[in-house]
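Have a look at the structure below, then the notes.
The values are calculated or read from the model by the stated rules, or taken from the named source; none is laboratory data. Because the structure is predicted, anything quoted here is derived from the model rather than measured. Don't worry about glycine lacking a Cβ; one is built from the backbone with ideal geometry, like all the others, and counts go over all protein chains shown.
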Amino acid sequence: MIRVKSYPNGIYGAVTYLVYDDISLEGALIDCTSSVNDIEKEVKAENIKLKYILITHGHFDHVYCLSKMKEKFPDTLVMMNKSDMPLLNQVEVQCAMAGVEEVKLPCIDGLLSENSKNIALGQNKIEIIETKGHSKGGVCYLIDKYLFSGDTLFKDSIGRCDLFGGDYKEIEDSIKNKLFKLADDIEVYPGHGDKTTISYEKKYNSYFGSMI
Ligand SMILES: [Zn+2]
């Protein structure tokens, strides 16, 4: 069974998720925003074997603690989509624009796309869904019935499309034609804010919900 823990204390409330399979104890982090010591404690307490750090997209608030986390867990593989590398490489500029202390970035160990295979936690495959619109290389990760939606889909809302690489038509296509095609009972864990479900967002999302 997959377990999910949330750490919502990043800049702008950006969330890090610790997700693991309670049989094999293989785990991953989705983004690295804050709470490095708390996450380290939890990983040790539960005996989790952290395999991956999966980045949803290249905005500074989602990778703010990546370097510190990689120092704590040097054997993890940091993975992201290639199309957001230009954004990630501008992280100092992003930090300067936001007026926060610059972050040091570790190198990315591997690139992911929808064709990536053999990414798994125990028996649970990790499916990569490319969802551009908030940025060019944004992805969602589907593990069992849990979707980690980064800044593409939020509870009742969607990610901004006015930042570098953003495009409203693209996010509309990603959400309506990819995420809303997933099973209704999938739980959605966004990069900011509360969790939701595909079924709820299909009905009530303020941008694309059928009941709005
Ligand atoms: Zn973002």
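Within the bounds of segment 53-61, is there any residue that is away from the ligand (no atom under 15 Å from the Cβ) and over 22 Å from Lys132 (Cα atoms)? The answer is no; no qualifying residue exists.
If the condition is being within 12 Å of the ligand (Cβ to nearest atom) and either charged (D, E, K, R) or out of contact with any Asp or Glu (no Cβ under 8 Å at 6 or more places or on another chain) (or both), then segment 139-157 contributes Ser149, Asp151, Thr152, Phe154.
Among the hydroxyl-bearing types (Ser, Thr, Tyr) and more than 16 Å from the ligand (Cβ to nearest atom): is that true of Thr197 in this structure? Here the answer is yes, as Thr197 does meet what is asked.
Looking at Val100, Val91, Val78, just one residue is under 27 Å from Asp38 (Cα atoms), surrounded by fewer than 17 Cβ atoms within 10 Å (Cβ to Cβ) and touching a helix residue (DSSP H, G or I) at 6+ places or on another chain (Cβ under 7 Å), and that residue is Val100. Scan segment 10-17 and give yes if some residue there is crowded, with 24+ Cβ neighbours inside 10 Å and of a type in the set (Gly, Ala, Ser), otherwise no. Among the residues of segment 10-17, at least one is crowded, with 24+ Cβ neighbours inside 10 Å and of a type in the set (Gly, Ala, Ser), which makes the answer yes. Among the residues making up segment 72-94, a single one is among the charged types (D, E, K, R) and modelled with pLDDT under 95: Glu92.
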